[in-house]
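**Q** Let me give you the structure first, and then I'll get to my questions.
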Amino acid sequence: MEAAPVVFDPEVDDNVDRSEMLSKTRRKMDRSPLDRRSGIPLYHQIEQRLLEQIQSGELEPGKPLPSIQQIAALMGVSQMTVRQAVRELSELGVIYSRQGKGTFISGIKLERDFRQVLSFTEETQARGATPSSKVLSFRIQPPSPEAMEALGLGESEKVFLLRRVRYGDSVPMAIESSCLPVRLCPGLMETFDPTTSLYDELAEQFGVQFMVTDEVVEVGKASAEDAHLLEIAPQSPVFLFTRVSYLENGTPAEHVKSVYRGDRYKVVNRLTRGSRELRNGPATTLQRI
Ligand code: GLP
C-alpha cells in the first residue's frame with residue numbers, strides 16, 4: 001500500500017517568532033556554506049546542516065523551524081530545494097508540521113549515524129577513535145559472479161578489488177573486501193592511497209557519492225585466516241556484511257563483503273509503525289561496543 005505523501009502547508013502562522021531559529025541557521029550557514037561544486041545535491045546538504053543543528057540541540061525541540069521561504073532566501077536556493085530537504089527531515093521524524101502553523105522541531109532522538117551511509121573512517125572518528133588500515137590486496141581483476149550480478153556488470157568488465165584490515169585506535173575491527181567497477185573511477189590505482197578513506201577519494205577525485213546502501217548481515221564464525229588478521233580466537237563469532245551501495249541515480253556501484261568482530265560491534269535496529277515507515281522501511285546502524 002502506498003503511504004499518503006506528507007503535505008506541507010505553505011501557510012505559516014506569522015505570529016510564531018522564528019527569528020531566533022533563523023539567526024541560528026544563518027550562523028550555521030556562515031560556518032559551513034553550501035558547496036555547489038561537490039556533486040552532493042543541495043537539498044541533501046541543507047538537510048545535513050539542519051540535522052546537525054537539531055542533533056546538537058542548537059535548534060531545540062518544540063521551536064519552529066524557519067519557514068521554507070526564509071531558508072530558501074538565506075541559502076540562495078529555490079523553495080523547491082528546501083521543501084525537499086524539509087520533507088526528508090520530516091520523514092526522519094526530527095521535525096513535524098502543524099496545519100496553518102508551520103514546521104517544528106520534534107523531540108525524537110536519532111543515533112548520530114542513524115540512516116546515514118557512513119564510511120569506516122567516518123564511523124570510527126565519530127566514536128572518537130583513530131582509523132587506520134592494512135592493505136591485504138589492491139588490484140584490477142574480473143568480478144566474482146556475485147559481484148557481477150550485484151553490480152550489473154558486462155561479461156568483460158573489470159573491477160577494483162580492495163581488501164583491507166580496518167583498525168580503530170590500532171585495534172583490528174574488521175576485514176573489508178570492496179569491489180568497484182573500473183569504469184566508475186578509472187584512475188583509482190594511480191591516485192588512491194589505499195591506507196586512507198576510499199569514500200573520500202571517490203568523492204574528491206571522481207565525484208562519486210553513495211547515497212543509499214543495502215546491507216545484509218549474517219552471523220558467522222571467524223575462519224583461521226580472518227581470526228589471525230582480527231587477532232581473535234578461530235571460530236569466534238563475527239558479523240558478515242554484504243553491502244551494495246547505489247549512486248543517486250540508482251546505479252549499483254560498490255559491492256562489499258566484510259567480516260566485523262562480534263565482540264566489538266552490535267547491530268541496532270530502529271523499527272517503527274506509521275505511514276512514514278511504509279515508505280522508508282526500518283533503519284539499522286552498526287555500533288561499536
Ligand atoms: C564502510 C562500509 C564499506 C566501505 C567503507 C569505506 O566500512 N561498510 O562498504 O567500503 O566504509 O570506508 P573508508 O572510506 O574509510 O575507506
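**Q** Tell me, please, whether a residue that is at positive phi and within 16 Å of the ligand (Cβ to nearest atom) can be found in region 73-84.
**A** no
**Q** Which residue is nearest to the ligand (Cβ to nearest atom), if the candidates are limited to region 143-167 and must be crowded, with 19+ Cβ neighbours inside 10 Å and in a loop (DSSP other than H, G, I, E, B)?
**A** Restricting to residues being crowded, with 19+ Cβ neighbours inside 10 Å and in a loop (DSSP other than H, G, I, E, B), the top hit is Pro143.
**Q** Follow-up question, since we're still on this one. Quick one: in region 101-136, which of the residues that are assigned to a helix (DSSP H, G or I) and hydrophobic (A, V, I, L, M, F, W, C) is modelled with the highest pLDDT?
**A** Out of the qualifying residues, it is Phe120.
**Q** I'd like the full set of residues that are among the basic types (Lys, Arg) and not in a helix (DSSP H, G or I), limited to region 43-93.
**A** If the condition is that a residue be among the basic types (Lys, Arg) and not in a helix (DSSP H, G or I), then Lys63 is the only one that fits.
Table: residues versus (1) outside any helix (DSSP H, G or I); (2) small (Gly, Ala, Ser); (3) at pLDDT 95 or above.
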residue	(1), (2), (3)
Thr196	yes, no, yes
Asp214	yes, no, no
Asp226	no, no, yes
Leu229	no, no, yes
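**Q** Scan (1) closer than 30 Å to Ala203 by Cβ; (2) exposed (fewer than 12 other Cβ atoms within 10 Å of the Cβ); (3) modelled with pLDDT under 85 for the single condition Lys28 breaks and write down its number.
**A** Lys28 satisfies all of (1) closer than 30 Å to Ala203 by Cβ; (2) exposed (fewer than 12 other Cβ atoms within 10 Å of the Cβ); (3) modelled with pLDDT under 85 except (2).
**Q** Just the residues that are touching a Gly at 6+ places or on another chain (Cβ under 9 Å), more than 13 Å from the ligand (Cβ to nearest atom) and aliphatic (A, V, I, L, M), please, taken from region 174-210.
**A** Listed by number, the list is empty, since nothing qualifies.
**Q** Give me a count of the residues in region 190-228 that are closer than 16 Å to Ser178 by Cβ and aliphatic (A, V, I, L, M).
**A** So the answer is 5.
**Q** Scan region 53-72 for residues that are on the phi > 0 side of the Ramachandran plot and crowded, with 19+ Cβ neighbours inside 10 Å and jot them down.
**A** If the condition is that a residue be on the phi > 0 side of the Ramachandran plot and crowded, with 19+ Cβ neighbours inside 10 Å, then no residue fits.
The values are calculated or read from the model by the stated rules, or taken from the named source; none is laboratory data. Quick caveat, the model's predicted, so the values are computed rather than measured. Heads up, the Cβs are rebuilt from the backbone with ideal geometry, glycines too, and the neighbour counts pull from every protein chain shown.
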